[in-house]
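Asker: Please read through the structure below; I'll follow up with questions.
The values are calculated or read from the model by the stated rules, or taken from the named source; none is laboratory data. Source: prediction; values computed, not measured. Neighbour counts are summed over all protein chains in view; Cβ atoms, including those assigned to glycine, are modelled from backbone coordinates with ideal geometry. When the accessible area is computed, the model is the full protein with side chains, heavy atoms only, and any ligands, DNA or RNA have been set aside. Shrake-Rupley method; radii C 1.70, N 1.55, O 1.52, S 1.80 Å.
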Amino acid sequence: MPAVVLIGAQWGDEGKGKATDVLGSRVDYVVKFNGGNNAGHTVVVGDETYALHLLPSGILSPGCIPVIGNGVVVDLRVLFEEIDGLESRGVDTSSLLVSSAAHVIAPYARTLDNVTERFLGSRKIGTTGRGIGPAYADKINRIGIRVGDLYDDQLLQDKIEGALEQKNHLLVKVYNRRAISVDEVAEELTSYRDRLAPHVTDTALVLNQALDAGKTVLFEGGQATMLDVDHGTYPFVTSSNATAGGACTGAGVGPTRISRVVGIVKAYTTRVGEGPMPTELFDASGEHLATVGHEFGTTTGRPRRCGWYDAVIARYSARVNGLTDFVLTKLDVLTGLEKIPVCVAYEVNGVRHEDLPLDQAAFAAATPVYQEFPGWSEDISGARSFEDLPEAAQNYVRALEEISGCRMSAIGVGPGREEIIVRHDLLGEPA
Ligand code: GDP
Ligand code: IMO
Ligand code: MG
């Protein structure tokens, strides 16, 4: 039975939540393995719209067990706000499992995220301000607090004291902020522990046993390849591994168990926050993508930067993730455009690059080399098979497929659960 990893192939917001939700009813577990409430997934089910941040999108499928893996950073306040919000709408969250090895986002991490961004000034990253970077920094610095620590009073007290000893120096002396007390942090963290207790477990053990028993597991990445701390556009990235390898470290399953890796890619490109984006548009076409695609952040409400499809990035994503399939989303947003340019290569200081230049300055200097494709004007939201698409849309998808390094197994034609064309079953045998 398959273990499928689903990741973002661009800079996030490709429609991972919808893709996960579409598969939700056919999988036994959906596992979030990286990131935290910096993610924002909008899932439309009939007339209902859900905005998910910390909970895996599988939570909306009855019978599917949602799992927050060890690689996630958990803001407990946000977790329970999200659980309460869903429960009040009739969504059962009781089967949620949370890794005891996941790190928590302490209140001082949120504070530090915001003051650091202000301090960076023009060099800021444009983070979501959710404390993600500081929480992962504490994990790597070995001063983080894990979910399991909440149940050992002495250990928790020691850890908070240790962390604050250093952070209060920084807050008071460098950032001119008030010191944070051990008690206020302990109070916030312990206020949730009784409610959390029934959900806490060794999720890596649960998942490996599930795979042994032939269950189907879907690993849902937050953020995306170009935001990955190792493989993205560093330093304008998030602080976790959002690429496929992150599923192994962030969920505690070995690479030999993964049978399929699906990259979600938008039919154009968007980005939130700072950092280079070679195909970014500042004209009426960019306006079309932003308006028709409703490109505003699910988490922060910030307008997303919009640009044409970038095949250099798609090829890079196919490679670093070992993709077996792409899901192409939001094809419907391109309806009505006369011509659709696609970036097929970059030019960096007069030199053509087919592959993504890793060097920060080179990528920042990359200008797109475009190939233009004819558009279509027919409404495609009702298309349910590839043949239902107008000829020009079929040609556009085939062209993307050819230059992106992997087949396009499903195509999104609208936000709804049903608005998708499936060409190859994502849970079946890989090609
Ligand atoms: P995620 O973070 O990758 O889950 O993506 P977001 O939810 O942040 O952003 C994707 C947006 O596009 C959401 O509002 C989805 O409802 C919407 N969406 C997903 N697939 C499609 C599609 O094929 N067509 C259209 N028009 N909207 C889509
Ligand atoms: P989903 O899962 C788009 C961006 C932020 C910022 C950078 C670092 O919905 O695709 P962070 O708060 O993580 O330290 O911010 O990463 N970012 C996202 N952009 N979609 C996301 O998540 C993002 N999560 C973080 O805008 O540029
Ligand atoms: Mg999103």
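Asker: Can you pull out the residues in segment 27-47 that are modelled with pLDDT of 95 or more and among the charged types (D, E, K, R)?
Answerer: Matches in segment 27-47: ASP28, LYS32.
Asker: Among (1) within 16 Å of ligand 3 (Cβ to nearest atom); (2) in contact with a Gly (Cβ under 6 Å, 6 or more places away or on another chain); (3) aliphatic (A, V, I, L, M); (4) in the same structural domain as VAL333 (by TED's automatic domain parsing), there is one condition ALA290 misses while meeting the rest; what is its number?
Answerer: Condition not satisfied by ALA290: (2).
Asker: Pick from VAL67, VAL91, VAL78: which is within 14 Å of ligand 2 (Cβ to nearest atom) and farther than 24 Å from LYS266 by Cβ?
Answerer: Details: VAL67 fails: within 14 Å of ligand 2 (Cβ to nearest atom); VAL91 fails: within 14 Å of ligand 2 (Cβ to nearest atom).
After ruling out the rest, the residue left standing is VAL78.
Yes or no, residue by residue, for (1) within 24 Å of ALA431 (Cβ to Cβ); (2) in the same structural domain as GLU372 (by TED's automatic domain parsing); (3) among the aromatic types (Phe, Trp, Tyr):
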| residue | (1), (2), (3) |
| --- | --- |
| ALA247 | yes, no, no |
| ALA251 | no, no, no |
| ARG271 | no, yes, no |
| ALA284 | no, yes, no |
| GLY297 | no, yes, no |
| THR300 | no, yes, no |
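Asker: If a residue has to be more than 15 Å from ALA410 (Cα to Cα) and either open to solvent by 10 Å² or more (accessible area, probe 1.4 Å) or away from ligand 2 (no atom under 14 Å from the Cβ) (or both) to count, how many in segment 12-29 make the cut?
Answerer: Result for segment 12-29: 7.
Asker: Can you pull out the helices (runs of 4 or more DSSP H) entirely within segment 33-147 that have at least 1 residues that are open to solvent by less than 50 Å² (accessible area, probe 1.4 Å) and not assigned by TED's automatic domain parsing to the domain that holds ASP183? Lay out the reasoning, then the answer.
Answerer: Values: elements: 76-87, 107-120, 132-140.
By residue number, 76-87.
Asker: Quick one: what pairs do we get from segment 192-216, first residue under 27 Å from VAL78 (Cβ atoms), second acidic (Asp, Glu) and open to solvent by 30 Å² or more (accessible area, probe 1.4 Å), C-beta under 7 Å, 6+ apart or different chains?
Answerer: Short answer, once both residue conditions are applied: ALA210/ASP28.
Asker: Take the conditions away from ligand 1 (no atom under 16 Å from the Cβ) and more than 27 Å from LEU427 (Cα to Cα) and apply them to GLU82. Does it pass? Full working, then the answer.
Answerer: Values: away from ligand 1 (no atom under 16 Å from the Cβ): no; more than 27 Å from LEU427 (Cα to Cα): yes.
So GLU82 fails the test.
Asker: Any chance segment 335-342 includes a residue that's under 29 Å from VAL4 (Cβ atoms), modelled with pLDDT of 95 or more, touching an Asp or Glu at 6+ places or on another chain (Cβ under 9 Å) and not in a loop (DSSP other than H, G, I, E, B)? Outline the logic, then answer.
Answerer: Going residue by residue through segment 335-342, those that are under 29 Å from VAL4 (Cβ atoms) are 342.
Those left that are additionally modelled with pLDDT of 95 or more: 342.
After this cut, where a residue has to be touching an Asp or Glu at 6+ places or on another chain (Cβ under 9 Å) as well, the list is 342.
Those still in the list that are not in a loop (DSSP other than H, G, I, E, B) too: 342.
Within segment 335-342 (the criterion being under 29 Å from VAL4 (Cβ atoms), modelled with pLDDT of 95 or more, touching an Asp or Glu at 6+ places or on another chain (Cβ under 9 Å) and not in a loop (DSSP other than H, G, I, E, B)), the answer is yes, since at least one residue qualifies.
Asker: Hey, another quick one. Any residue at all in segment 318-334 that is part of a loop (DSSP other than H, G, I, E, B), crowded, with 18+ Cβ neighbours inside 10 Å and of a type in the set (Gly, Ala, Ser)? Before the answer, list the steps.
Answerer: As a first pass, look at segment 318-334 and keep what is part of a loop (DSSP other than H, G, I, E, B): 322-324, 330.
Filter once more, so that each one left must be crowded, with 18+ Cβ neighbours inside 10 Å: 323-324, 330.
Subset that is of a type in the set (Gly, Ala, Ser): none.
Taking every residue of segment 318-334 in turn, none turns out to be part of a loop (DSSP other than H, G, I, E, B), crowded, with 18+ Cβ neighbours inside 10 Å and of a type in the set (Gly, Ala, Ser).
Asker: Right, here's the next one. Within segment 148-168, which residues are assigned to a helix (DSSP H, G or I), open to solvent by 50 Å² or more (accessible area, probe 1.4 Å) and not basic (Lys, Arg)?
Answerer: TYR151, ASP153, GLN154, LEU155, GLN157, ASP158, GLU161, GLU165, GLN166
Asker: All but one of (1) surrounded by fewer than 22 Cβ atoms within 10 Å (Cβ to Cβ); (2) within 15 Å of ligand 1 (Cβ to nearest atom) hold for PRO276, so report the exception by its number.
Answerer: PRO276 satisfies every listed condition except (2).
Asker: Then there's this: Can you run down the residue pairs with Cβ atoms below 8 Å, 6 or more apart or on separate chains, where the first is in segment 17-42 and near ligand 1 (Cβ under 8 Å from one of its atoms) and the partner is of a type in the set (Phe, Trp, Tyr) and modelled with pLDDT of 95 or more?
Answerer: Listed pairs, sorted by first residue: THR42/TYR50.
Asker: Quick check on segment 394-414: of everything there that is surrounded by fewer than 21 Cβ atoms within 10 Å (Cβ to Cβ) and within 25 Å of GLY24 (Cα to Cα), which residue is farthest from ligand 1 (Cβ to nearest atom)?
Answerer: Going through the qualifying residues, I end up with ARG407.
Asker: Filter segment 1-11 for residues that are within 8 Å of ligand 2 (Cβ to nearest atom) and part of a loop (DSSP other than H, G, I, E, B) and give the result.
Answerer: TRP11, the sole residue that qualifies.
Asker: Can you list the strands (runs of 3 or more DSSP E) found entirely within segment 353-428 that contain at least 1 residues being closer than 13 Å to LEU331 by Cα?
Answerer: Strands (runs of 3 or more DSSP E) meeting the threshold: 408-412, 420-422.
Asker: So for segment 294-312 (the condition being in a helix (DSSP H, G or I) and open to solvent by 50 Å² or more (accessible area, probe 1.4 Å)), does at least one residue qualify?
Answerer: Step one: filter segment 294-312 for residues in a helix (DSSP H, G or I), giving 311-312.
If we keep only those that are open to solvent by 50 Å² or more (accessible area, probe 1.4 Å) as well, we get none.
No.
Asker: Also: Would you mention how many residues in segment 217-251 are open to solvent by 10 Å² or more (accessible area, probe 1.4 Å), in a helix (DSSP H, G or I) and more than 13 Å from TRP11 (Cβ to Cβ)?
Answerer: Summing the residues that are open to solvent by 10 Å² or more (accessible area, probe 1.4 Å), in a helix (DSSP H, G or I) and more than 13 Å from TRP11 (Cβ to Cβ) in segment 217-251 gives 3.
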